[in-house]
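A quick write-up on the structure given underneath.
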Number of protein chains: 2
Amino acid sequence: MNFPSTLPALADALRNGGLLITDYLSHLESNFNSREPDVLSFIPEEGRFDRLRRDAQALLTRYPDPNTRPPLFGVPVGVKDIFHVSGFVTRAGSKLPPDLFQGSEAESVTALKDAGALVMGKTVTTEFAYFGPGPTRNPHNPEHTPGGSSSGSAAAVGAGLCPLTLGTQTIGSIVRPASFCGVVGYKPSFDRISKTGVMPLAPSLDHVGVFTADARGAALAARVLCRDWRLTDSPRKPVLAVPDGPYLANASDEAMKHFDDTRRRLAAAGYMILSVNAMPDFEEIRARHNLITAAEAARVHEKMYARFRELYHPKTVDLIERGQKISGEALAQALKGRKKHRMELTHLMNVHGIDLWISPSAPGPAPQGLESTGDPIMNLPWTHSGLPSMNEPSGRAANGLPLGLQLTARWQADELMLAWAADIEAVVSRS
Amino acid sequence: MNFPSTLPALADALRNGGLLITDYLSHLESNFNSREPDVLSFIPEEGRFDRLRRDAQALLTRYPDPNTRPPLFGVPVGVKDIFHVSGFVTRAGSKLPPDLFQGSEAESVTALKDAGALVMGKTVTTEFAYFGPGPTRNPHNPEHTPGGSSSGSAAAVGAGLCPLTLGTQTIGSIVRPASFCGVVGYKPSFDRISKTGVMPLAPSLDHVGVFTADARGAALAARVLCRDWRLTDSPRKPVLAVPDGPYLANASDEAMKHFDDTRRRLAAAGYMILSVNAMPDFEEIRARHNLITAAEAARVHEKMYARFRELYHPKTVDLIERGQKISGEALAQALKGRKKHRMELTHLMNVHGIDLWISPSAPGPAPQGLESTGDPIMNLPWTHSGLPSMNEPSGRAANGLPLGLQLTARWQADELMLAWAADIEAVVSRS
């Protein structure tokens, strides 16, 4: 039996009954049993597939008629372990007593369940979604990091274990692991998806987003998750722009060579691609983003850290201790700069008529080793702006690991970015 | 002696000393004495020009060196009489005791003064910037209204009495009188110019803006007045769009015929002009805008109205009494709709790559009579969105009175709109 490899095809098949949930779960289980031990993307759960079969049965009982089934009927979803999910413990990759941080189910999880999704389980996160890594391995090479902090969510989709996962991005925790694992990772406009019920790292920068195999899958999930989704069909071809300046100097030679090749393929496919000087103040943007992350993380963790300092990962300790030294005034000032940055990018888009910025999703392919989840620097300025951005897999590095193209659209133009991404995917994706 | 007819040329001449302020004030005075009695655009002031000569002398003493003179050195500015100005009484076109509503000088006025402008005086406003008219007449025909509520500010520039005036727009109080008087009227993005020190009508909808003879003049003033102004030079040609749908049905046949002719001139000049279905919910937008105006005006005037009801103009009475019946909940709901409306216009701009909406600035030329200031309906949806918009004079109606083209740009794209408007002006302006 052939199982659909993309989320839209899978959701269609499950809804119309062309694929029975029970058959699909059997396939999923055998796949999981063979691949998961190498990838370690999920938090272990006893009797996972028996529970999923019971959940599926309840769903079938609730929606006997294919015509009334919701859009994600029977679709399994993996949830990063900083989201609260009814019946699951939130551990956030931490050694702290988990009863410190339980709460009501995340609105995003409830929205997916209401749309018919089945929670396949919790996925591995770095400690509190910062840099302290979990056990997850890159599905394309177990000696390499999957990236982080949404390590398990990216790897699960990359390994074909799950068609849809939830993640978060505060610096580069969706787009970077998506790039490393060769999947689509979508970070919406700031606050376009509810963060209620998700453990914060830095509330002014945290974004909830998703991982899927393709752009149309991300759009299907976005339609369910985003506030005020507007249907968009076949928009005109977007004008693309490369942000020339100090930002791009952070990509490796290999990543830039690949990026230039991707550019040429897009130009050959008829895309207009501008080169625009952007972010001359990149070092300030970086400093400001890191200041906000540290200051807000220190405030979020203040009480727990005072009691359980010794249980924190050294990287998180460093973050919180840096943050403790930052004054409320310095934080307020930095938060203003974030809005100014968004306006400056928007101004450039208006002046030049730019629809999408394109850039490398990471400085290179996933680094070797599991101690570091890699560098989020290529994602940082886009996260800082709050503009929607995403990864499109665009080929492979010399070592066989995936590389990605990062797209960034206008404020709240999530619908358009995902529609455009589907066309761009057809040009740049290489298996 | 030739006196520059546009603000940028005037400001240059005054700064570099090519035109002496004293000579310019003499010219201004003789012009004022001959024209103002027909137009009645200013609040009368004893010894206006003697005061102006003293102010000018103080300015010359402060800036003896032309190289250090600020951008509006010696430029006279008329200020709508709802702005507080040090040394002037604010009367707001009202019969109420003026001591009820005095306050510190408006930040916009102080900004213009800091840039070297001289306050030429207060200009006539309708009562509290709503529909109760003042004495001002249209400079092109004294039997016709100049429009409102910024009646005096529009007429003063239209009559050549003053090169720059301040106004406000809550429904259509800048763009409509600018159209009626044949001048440029610029309403910025919501809150891009400070409203501190300006008497509110409906705080969620009030915008401060300016009148000038040309777009470059408005840009010069905007640079001084707007928060975070970004210099913009020679941007690419904008993509224009006509908002097809029920909105345009509010323009008269004559206004639409003229608008279509203006469109053809723009197309012939190489502009791409799309026709895009927009605002199918126009009637809801109108109802929502009128609801917010009434509800907020009732709250602003609550105490004064309770004491001085009999001193209000019947049109303001009607507004306030409608507003008193509107619940806080209904108001809150309407305010949400305003943001949704902006997002929907923005989404259409993103989908189609639109830089500027074009539309008629008014349903037709200035109506005959002084009892009505005309219909702001063509301006209402753009004001509702908070997007920047402006009037460009585009020719004359059969009765010889001016008609105008309304431009509306993206959120915070004020710099671009004004730069583009200067080019559009060269195509559409007809004396």
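No lab work stands behind these numbers, since they all come straight from the coordinates. Keep in mind it's a predicted model, so treat the numbers as computed, not measured. All Cβ positions, even for glycine, are placed from backbone atoms using ideal geometry, and neighbour counts span all protein chains on display.
Brief remarks follow.
- Residues whose amide H lies under 5 Å from that of B:Thr165, counting only those 5 or more places away or on a different chain, are B:Gly78, B:Phe211; hydrogens are built 1.01 Å from N in the peptide plane.
- Amide H contacts under 5 Å for B:Asp244, placed H, 5+ residues apart: B:Val276, B:Asn277, B:Ala278
- Amide H contacts of A:Ser173 (H built 1.01 Å from N, in plane; Pro and chain starts excluded): A:Ser149 sit under 5 Å, all sequence-distant by 5 or more or on other chains.
- Panel order for B:His352, A:His258, by other beta carbons found within 10 Å of each beta carbon, from fewest to most: B:His352, A:His258.
- What separates the B:Met256 label point from its copies, with the point 7 Å along Cα to Cβ, is 5.7 nm, written shortest first.
- Under Karplus coefficients 6.51, -1.76 and 1.60, residue-wise ³J(HN,Hα) of the range B:376-383 in Hz, glycine/proline x: x, 4, 5, 8, 3, x, 6, 4
- Using the Karplus relation 6.51 cos²θ - 1.76 cosθ + 1.60 with θ = phi - 60°, the per-residue 3J(HN,Hα) values for the range A:69-82 come to 6, x, x, 10, 3, x, 7, x, 10, x, 10, 3, 7, 10 Hz, with x marking Gly and Pro.
- Beta carbon of chain B nearest to the axis of the rotation taking B to A, residue and angstrom distance: B:Gly353, 3
- Student exercise, the protein assembly as shown dipole from Lys, Arg, Asp, Glu Cβ charges, in Debye to nearest 20: 400 debye
- Using a 7 Å projection from Cα along Cα-to-Cβ, the label point at A:Pro135 is separated from the same position in the remaining copies by 8.9 nm, smallest value first.
- Other copies of A:Lys303: label-to-label distances in nm, shortest first, labels 7 Å along the beta-carbon direction: 4.1
- Estimated from helical segments only, the mean residue ellipticity of chain B at 222 nm is -13500 deg cm²/dmol, where each DSSP H run of four or more residues counts as -39500 (n - 2.57).
- Shown in residue order for the range A:197-209 are the 3J(HN,Hα) couplings computed by the Karplus curve 6.51 cos²θ - 1.76 cosθ + 1.60 at θ = phi - 60°: x, 10, 5, x, 9, 9, x, 6, 10, 5, 10, 8, x Hz (x for Gly and Pro).
- Annotation for the range A:318-360: trypsin sites (Lys or Arg not before Pro) lying in DSSP loop with at most 11 further Cβ atoms inside 10 Å of their Cβ are A:Lys325.
- Neighbour-count order for B:Met279, B:Met343, fewest beta carbons within 10 angstrom listed first: B:Met343, B:Met279
- Among B:Met390, A:Met120, A:Met199, the ranking by other beta carbons within 10 Å of each residue's beta carbon, starting with the fewest, stands as A:Met199, A:Met120, B:Met390.
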